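Each remark here refers to the structure printed beneath this line.
The values are calculated or read from the model by the stated rules, or taken from the named source; none is laboratory data. Computed from a predicted model, the values in this text were never measured in an experiment. Here the Cβ positions follow ideal geometry from the backbone for every residue, glycine too, while neighbour counts run over all protein chains shown. Accessible surface is based on the protein model in full, side chains and every heavy atom, while ligands, DNA and RNA are left aside. Shrake-Rupley method; radii C 1.70, N 1.55, O 1.52, S 1.80 Å.
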Amino acid sequence: MIIAIDGTLASGKGTIARRLADIYGLPHLDTGLLYRAVGMQALDQDIALDNATKLAAAAGTIKAETLNRPELRSPQAAEAASKVAVIPAVRDALFQLQRSFAQQPGGAILDGRDIGSVICPDADIKLWIDAAIEVRARRRMLDFADQGNSVGLPTMIAGLEDRDKRDRNRSQAPMVKAADAILIDTSSLSIDAAVDKARSIIERKFPAKP
Ligand code: C5P
């Protein structure tokens, strides 16, 4: 079973994906980490964030097994990721890794922006996770506070709008809800309630064994 989970930043898609992976015993790939890893290589090696040739070469060295570095969770990595993600050669260089991860025997869960639309258009289940911008911004502020950073609500909303815009408007694989993806709006849902909703969508199609 391949489960594709896409959606906006801080919508809860990553948490939902991890919880579903635990529940169904499926391997999980957070594809945002791939773009973050490319962004971090650019920052570490002083590669300009629009140098397609060098960034594509950097993307070609990324392995799914090396995505646990805590610095990939930093705001700097996120910002760099969103810039390198607009470069078609970077996306092309990361395509096969994601595709192979999805096609491993037994299936997988991938979360990102273009999983249901580009990486796994044939996924068994496609979810699109979203929430109101203010709710997402407040969640992000809590994440930042956990990392010792403080950002005001208007600044956070502006930052999210910027990244959403970049993701939606890029030429290749823009962030988009696949036509056959099912929306879960987490604006007023707890994480448990959102996971329950996802499970009921999955188990409607693949009834759980008693
Ligand atoms: O999900 P996360 O915030 O880690 O993603 C970081 C950035 O990577 C996103 O803002 C987006 O630009 C890019 N991304 C992407 N396609 C994916 C996953 C992430 O373009 N499948």
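A few points about this structure:
- Conditions (1) away from the ligand (no atom under 13 Å from the Cβ); (2) in a helix (DSSP H, G or I); (3) surrounded by fewer than 20 Cβ atoms within 10 Å (Cβ to Cβ); (4) of a type in the set (A, V, I, L, M, F, W, C): number failed by A137: (3)
- Apart from one condition, R170 fits all of (1) open to solvent by less than 50 Å² (accessible area, probe 1.4 Å); (2) free of Cβ contacts under 8 Å to residues at least 12 places away in the same chain; (3) within 11 Å of the ligand (Cβ to nearest atom); the exception is (2).
- Of everything in segment 165-210 that is in contact with a Ser or Thr (Cβ under 6 Å, 6 or more places away or on another chain) and in a helix (DSSP H, G or I), the residue that is farthest from R136 (Cα to Cα) is R166.
- For segment 93-111, a tally of residues being within 17 Å of the chain's Cα centre (by Cα) and in contact (Cβ under 8 Å) with a residue 60 or more places away in the chain returns 9.
- Of all the criteria given as (1) over 24 Å from I133 (Cα atoms); (2) surrounded by 24 or more Cβ atoms within 10 Å (Cβ to Cβ); (3) of a type in the set (V, I, T), the one not satisfied by I23 is (2).
- Some residue of segment 37-58 being crowded, with 19+ Cβ neighbours inside 10 Å, near the ligand (Cβ under 9 Å from one of its atoms) and under 17 Å from D143 (Cα atoms): no
- Screening the candidates L183, L153 for the property of being loosely packed, with under 14 Cβ neighbours inside 10 Å, among the hydrophobic types (A, V, I, L, M, F, W, C), more than 26 Å from R91 (Cα to Cα) and touching a residue at least 12 places away in the same chain (Cβ under 8 Å) yields one hit, L153.
- Hits in segment 4-20 (condition: away from the ligand (no atom under 14 Å from the Cβ) and open to solvent by 10 Å² or more (accessible area, probe 1.4 Å)): R19
- Residues that are assigned to a loop (DSSP other than H, G, I, E, B) and in contact (Cβ under 8 Å) with a residue 12 or more places away in the chain were ranked within segment 140-150; the one that is least open to solvent (accessible area, probe 1.4 Å) is N149.
- Single residue of segment 68-80 satisfying the filter (open to solvent by 10 Å² or more (accessible area, probe 1.4 Å) and closer than 26 Å to I2 by Cβ) that is farthest from the chain's Cα centre (by Cα): N68
- Check on I109, closer than 24 Å to R36 by Cβ, in contact with a helix residue (DSSP H, G or I) (Cβ under 9 Å, 6 or more places away or on another chain) and away from the ligand (no atom under 16 Å from the Cβ): no
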